[in-house]
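The values are calculated or read from the model by the stated rules, or taken from the named source; none is laboratory data. This one's a predicted model, so the numbers in the text were calculated from it and none came from an experiment. Note that we place each Cβ from the backbone using ideal geometry, even for glycine, and neighbour counts take in every protein chain shown.
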Amino acid sequence: MCAAREPTTGALAGDLQLLFILFVVKYRIILLLLALPLTVAAQPDTTVVPAATCSPKFAIQGMYQNGYVFGTNKFLKGVNAEDVRINSFQAFSLKLSTQTTGENAWQQSYNYPQYGVGLYLADFFRHKEVGVPIAVFGFFNAPFKRWKKLVLNYEIGFGATFNWRSYNPVTNQYNVAIGAGESFMIDAGMNLQFLVTSRLELAGGFSLTHFSNGALKEPNSGFNTIAPKISIRYNFFDPPTFIKHDIPRFTPRNEWLFSAYGGVKNVIFDSVSLPLLEKYEGVYFPVFGVSVMFNRQLNNKSKIGAGINVGYDGAINAQAAVEANELDSDGGKFTDKIMISVYPSYELVIHHVSILIQPAFYLYRKKLANQSPVFHQRVGLKYHITDHLFMGITLVAYQFHVSDFIEWNIGYRL
């Protein structure tokens, strides 16, 4: 027999793993957290269930997809070595997952999801200029609706991608999509699973995928894809019996969040007179700021709110010159680089973990030519270390596909 666990502060009640990434861009170390355990504490429950029900339920799944690459930059539109539009790709992945059964009450709140890790390989049919990128990622696959043999799911994934043939001004001068050999990967989609036998499942669906290094190394126009996908999955277990908990009625509650963030942006100055390879290294500028946000948690899974951000972007209107045959930057006035923005917010909550979606608008910044749009987007992950202290990562982008910078956050909740 095994009893459902009681909640404890910091207890690992689910071994859900998503990926924050650490990688090195030339001489700049950007931060690495790989396979961060996301604490998902159980809700109070005293249900006692058979040990066979509580035992881990693992599965292996293979996936194939073939789809469309959005033409979001000149390289993909045909300004490349072959003068051919890059508009298609194929991808393969291998996933290892766990099927939850409701041993802890949060699993019932998400209709008994699956989660795990995977290996992903993409082929853009341009190996000399793009390479064959390989990703390691974590994913969360949760049902909208269950039937006897069918399950309709939504799926989200985050990971680190390697093995790009990135931009080089001498050997790969056209590839403005990827400026470094490493990048982030964000994936979201839907799928329909069909139980063929007691252990074999087929699934079909689609996903949107974004590859970018978050402007940690320019150029960085990124890759954005959409594709249908098919997969076959083998479960090392028979169809499980799902545990039902008596979950108390949720009482909506409010919270205030105070946070600070930091990051860097890479800028290349084409106008300076340096050798191509030295010019390509560019200059790194700091990005930092503070945010205040109000949230209302509506239920166990959702929060809505709004926030204001006061930030500093050192790359705004920055200038550069060459001194002693080296690139030297002139950041300009501090006050010229201040930005104030506001954003409504939605959080998908998995207890200590949140996925953030925040459309944002600049209220104040210095007016300059060729600025990014006033309307921009914020997508991130947040992890609550304690009831009050949290950390996270937020990608700030515009036009839904161009990365501006990455915020590494730490904050306090009241």
What single numbered condition from (1) part of a strand (DSSP E or B); (2) over 20 Å from residue 401 (Cα atoms) fails to hold for residue 108?
(1)
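Would you check which residues across region 98-115 are without any contact (Cβ under 8 Å) to a residue 60 or more places away in the chain and within 20 Å of the chain's Cα centre (by Cα) and list them? Spell out the reasoning first.
Within region 98-115, the first condition is being without any contact (Cβ under 8 Å) to a residue 60 or more places away in the chain, and the residues that meet it are 111, 113-114.
Within region 98-115, 113, 114 qualify.
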In region 244-264, is there at least one residue being touching a residue at least 60 places away in the same chain (Cβ under 8 Å), out of contact with any Pro (no Cβ under 8 Å at 6 or more places or on another chain), assigned to a strand (DSSP E or B) and more than 29 Å from residue 306 (Cβ to Cβ)?
no
Determine if region 203-212 includes at least one residue that is at pLDDT below 95, assigned by TED's automatic domain parsing to the domain that holds residue 113 and not in a strand (DSSP E or B).
no
Scan (1) surrounded by 19 or more Cβ atoms within 10 Å (Cβ to Cβ); (2) touching a residue at least 40 places away in the same chain (Cβ under 8 Å) for the single condition residue 142 breaks and write down its number.
(2)
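In region 333-355, which residues are modelled with pLDDT of 90 or more and more than 14 Å from residue 255 (Cβ to Cβ)?
Hits for region 333-355 are 337, 338, 339, 340, 341, 342, 343, 344, 346, 348, 355.
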Condition first: among the small types (Gly, Ala, Ser), at pLDDT 90 or above and in the same structural domain as residue 409 (by TED's automatic domain parsing). Can you find one or more residues in region 325-332 that meet it?
no
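Check 86, 60 and return the single one that is part of a loop (DSSP other than H, G, I, E, B), under 25 Å from residue 188 (Cβ atoms) and modelled with pLDDT of 95 or more.
86
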